[in-house]
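Q: Here you go, one structure.
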Amino acid sequence: MDRGITNAPAVVAERAKIVWLWLRGASARTVSQQTGASLSTVYRWIRRWQEEGSVRTRPFHKAKRKTPWCVGPNKQTDFMDKWWSQQLVLVAVLVVKGTSTGMAETQQQLVGVLVGQVVDKHIPPGCHLVLMTHTLHSPIVPEVISLLERNGLWKLSDTRVVVVGGTTTHPREVLLHPSLRNTIHAVHLTLFLDQSSNFMGHRLRVVSVPFFPYMAYKKESDHPGGPITPTDSVDKRLLSTIAGKLNVSFDNFEEPSRGFGLAKDGKFNGLVGFLQREEADFCTMLGATADRLRVLDYIRTYPSELMTITSLNPPPFPQHSALIRPFEKEVWASLLVGVVVWGIVFWVMQQFWVSVTARQRSIQFSKTLLYGWGALLEQPPLDPSVSLSGQMLAGWWLLFSLIITTGYRSSLIAHLTVQSKTQPMETLEDLVNADGWRWGTEPWLLRGIPRDYYAKHTDPVVMEIHRRMEVYDADAGLKEVLKGGFSLIDFENYIGIIIASRYTTGNGYTPYFTSKKGFSITSAFGWGF
């Protein structure tokens with residue numbers, strides 16, 4: 001019988017599992033059911049452990065294998081294959097799980113058995129060691145490291161050691177332990193469990209641009225892209241709440257160009273560029289687009305904000321226009337044409353009557369026109385008609401003039417009672433249709449979604465807006481608005497807060513008018529990850 005095979009690491013691990021389950025309090029019958037070993041086999045290896053502290057077959061001969069065995073579950077080997085090269089052919093996995101002191105002591109004895117299998121001079125040099133704990137705050141790992149010293153791990157410098165420990169085990173404490181003084185390759189992996197509720201004080205890098213009321217901050221230096229301190233704003237309150245709830249900290253810094261992110265050849269600049277290059281963990285206040293969602297994850301935090309048009313408050317009409325404002329220009333034009341047409345018809349009818357009856361009396365054309373205007377002014381001259389048909393036509397014109405003058409008089413009274421104002425700029429169509437009108441927006445808005453909206457839109461009105469767009473920051477743009485003939489296109493809440501805080505009197509008066517018919521350029525605002 002090849003005793004080397006019976007002492008192969010995989011076989012020894014199965015025997016160690018029998019002893020481990022028994023030490024944890026399981027009965028021999030329960031151990032047999034869980035391991036698949038017969039009851040006599042369970043008793044044999046428990047007695048061997050009690051008598052000799054070993055689970056190896058006597059006598060022990062070196063296993064003649066070109067490829068070492070793997071001690072432990074295959075899933076642990078698969079896990080380590082992701083961390084080591086293809087030359088890793090053997091992993092000895094010590095799964096340490098315990099909470100009470102008594103349980104820890106008995107498991108340390110079991111660890112000694114398995115460590116002995118790994119460190120023993122008869123194990124091929126291809127064997128590597130993995131120490132793992134299933135519990136987040138287990139103190140077992142440092143004690144197991146001490147066992148390695150007593151079992152002579154320092155003699156095997158080529159053995160690769162991986163320690164998978166909890167957050168209470170400091171990597172420096174493990175990797176600088178004397179037992180690993182000759183170990184060339186050693187790695188410590190920290191288990192972070194239940195990350196949804198506790199980030200263990202981890203620090204996340206957050207990149208932002210100023211966009212009040214969502215994000216505001218104070219620079220800690222004049223250097224672009226330097227650290228910032230968020231001031232009272234929506235995002236600042238959210239970050240403070242998250243930090244307290246999830247035990248996480250933030251390193252905040254600004255995007256140097258105040259850009260949100262435009263793509264060129266698949267590469268983004270601005271906030272999205274920092275995330276694409278993995279130079280930040282997440283960003284605040286970002287709009288979602290199809291291109292951006294290809295390179296980042298996104299959570300919706302706010303509804304979309306409308307773009308609005310800010311213009312000068314519509315001024316009242318001048319007083320000298322009060323006489324003509326009761327009627328629209330189309331009505332005035334129709335009256336002018338109506339007087340002329342009626343005068344021509346009236347004059348032709350009278351001339352025809354004179355020629356038929358051979359009367360010497362005729363009528364002048366100028367008198368018919370004056371009669372028509374006089375009737376509208378409620379002061380008609382003498383009736384110029386020379387026939388019954390002419391009198392009937394003049395009577396109908398007098399009735400028409402009465403209706404027109406009554407409507408004019410009532411409309412004039414209404415306009416004089418309530419002062420009318422010019423029509424405000426409400427839509428992009430109003431801007432394009434106004435003669436000689438100019439408009440602009442802020443430069444930082446053209447480094448994000450607004451630029452794509454204007455540049456890629458197929459509507460002729462939006463294309464004309466983009467073609468004639470001027471660039472001003474908020475304060476310079478509002479000063480330009482005061483000169484007249486200019487409108488500033490900006491986000492509704494953002495520009496509204498600036499106007500209310502800087503350009504509104506204590507009585508609530510402001511010279512600016514913000515359109516009520518805004519337009520949306522993105523579906524939502526949120527954070528990018």
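The values are calculated or read from the model by the stated rules, or taken from the named source; none is laboratory data. All figures in this text were calculated on a predicted structure; none of them were measured in a lab. Glycine gets a Cβ as well: all are built from the backbone with ideal geometry, and neighbour counts include every protein chain shown. With ligands, DNA and RNA removed, areas are computed over all heavy atoms of the protein, side chains included. Shrake-Rupley method; radii C 1.70, N 1.55, O 1.52, S 1.80 Å.
Q: Evaluate the range 306-313: report whether one residue or more is without any contact (Cβ under 8 Å) to a residue 40 or more places away in the chain and surrounded by 15 or more Cβ atoms within 10 Å (Cβ to Cβ).
A: no
Q: Modelled with pLDDT of 90 or more, in contact with a strand residue (DSSP E or B) (Cβ under 8 Å, 6 or more places away or on another chain) and either open to solvent by 60 Å² or more (accessible area, probe 1.4 Å) or in a loop (DSSP other than H, G, I, E, B) (or both): is that true of Ala243 in this structure?
A: Here the answer is no, as Ala243 does not meet what is asked.
Q: Go over the candidates Arg325, Arg292, Arg300 one by one and state the one that is surrounded by 19 or more Cβ atoms within 10 Å (Cβ to Cβ) and of a type in the set (D, E, K, R).
A: Result of the check over Arg325, Arg292, Arg300: Arg292.
Q: Next question. Which of the residues that make up the range 485-509 are open to solvent by 30 Å² or more (accessible area, probe 1.4 Å), in contact (Cβ under 8 Å) with a residue 24 or more places away in the chain and in a loop (DSSP other than H, G, I, E, B)?
A: The one that is open to solvent by 30 Å² or more (accessible area, probe 1.4 Å), in contact (Cβ under 8 Å) with a residue 24 or more places away in the chain and in a loop (DSSP other than H, G, I, E, B): Tyr503.
Q: Arg205 is checked against (1) out of contact with any strand residue (DSSP E or B) (no Cβ under 9 Å at 6 or more places or on another chain); (2) assigned to a strand (DSSP E or B); (3) charged (D, E, K, R) and fails just one. What number does that condition carry?
A: Result: Arg205 passes all but (1).
Q: What's the number of the condition Gln195 fails, among (1) at pLDDT below 80; (2) not in a loop (DSSP other than H, G, I, E, B)?
A: (2)
Q: Can I ask one more? If I filter the range 439-470 down to residues being closer than 13 Å to Arg258 by Cβ and more than 20 Å from the chain's Cα centre (by Cα), which single residue comes out as surrounded by the fewest Cβ atoms within 10 Å (Cβ to Cβ)?
A: If we take residues in the range 439-470 being closer than 13 Å to Arg258 by Cβ and more than 20 Å from the chain's Cα centre (by Cα), then Pro443 is surrounded by the fewest Cβ atoms within 10 Å (Cβ to Cβ).
Q: Looking only at residues in the range 291-304 that are more than 10 Å from the chain's Cα centre (by Cα) and at pLDDT below 90, which one is farthest from Thr441 (Cα to Cα)?
A: Pro303
Q: Within the group Asp158, Asp251, Asp232, Asp222, which residue is open to solvent by 50 Å² or more (accessible area, probe 1.4 Å), touching a Lys or Arg at 6+ places or on another chain (Cβ under 6 Å) and outside any helix (DSSP H, G or I)?
A: After applying the criteria, what remains is Asp251.
Q: Mind checking which residues of the range 427-444 are touching a helix residue (DSSP H, G or I) at 6+ places or on another chain (Cβ under 8 Å), part of a helix (DSSP H, G or I) and either closer than 16 Å to Arg292 by Cβ or in contact (Cβ under 8 Å) with a residue 60 or more places away in the chain (or both)?
A: Leu428, Leu431
Q: What are the residues in the range 11-29 that are open to solvent by 30 Å² or more (accessible area, probe 1.4 Å) and within 12 Å of Val55 (Cα to Cα), if any?
A: Correct list: Val11, Glu14, Lys17, Trp20.
Q: I need the full set of residues from the range 510-523 which are closer than 15 Å to Met307 by Cβ and crowded, with 16+ Cβ neighbours inside 10 Å, in order please.
A: Result: Thr514, Ser515, Gly518, Ile521, Thr522.
Q: Any residue in the range 260-274 that is acidic (Asp, Glu), in contact with a helix residue (DSSP H, G or I) (Cβ under 9 Å, 6 or more places away or on another chain) and farther than 30 Å from Leu478 by Cα?
A: Within the range 260-274, none of the residues are acidic (Asp, Glu), in contact with a helix residue (DSSP H, G or I) (Cβ under 9 Å, 6 or more places away or on another chain) and farther than 30 Å from Leu478 by Cα.
Q: Would you confirm whether or not the range 377-384 contains a residue that is part of a helix (DSSP H, G or I) and either closer than 30 Å to Ile465 by Cα or not aromatic (Phe, Trp, Tyr) (or both)?
A: no
Q: Looking only at the range 510-529, count every residue that is under 20 Å from Pro316 (Cβ atoms) and in a loop (DSSP other than H, G, I, E, B) and tell me the total.
A: 4
Q: Just wondering, is there one or more residues in the range 338-350 that are among the polar types (S, T, N, Q) and either open to solvent by 40 Å² or more (accessible area, probe 1.4 Å) or closer than 30 Å to Met307 by Cα (or both)?
A: no
Q: Here is a follow-up. Would you say Val331 is assigned to a helix (DSSP H, G or I), open to solvent by less than 20 Å² (accessible area, probe 1.4 Å) and either touching a Lys or Arg at 6+ places or on another chain (Cβ under 9 Å) or without any contact (Cβ under 8 Å) to a residue 40 or more places away in the chain (or both)?
A: no
Q: For the range 409-419, indicate whether the set of residues that are outside any helix (DSSP H, G or I), more than 30 Å from Gly528 (Cα to Cα) and polar (S, T, N, Q) is non-empty.
A: yes
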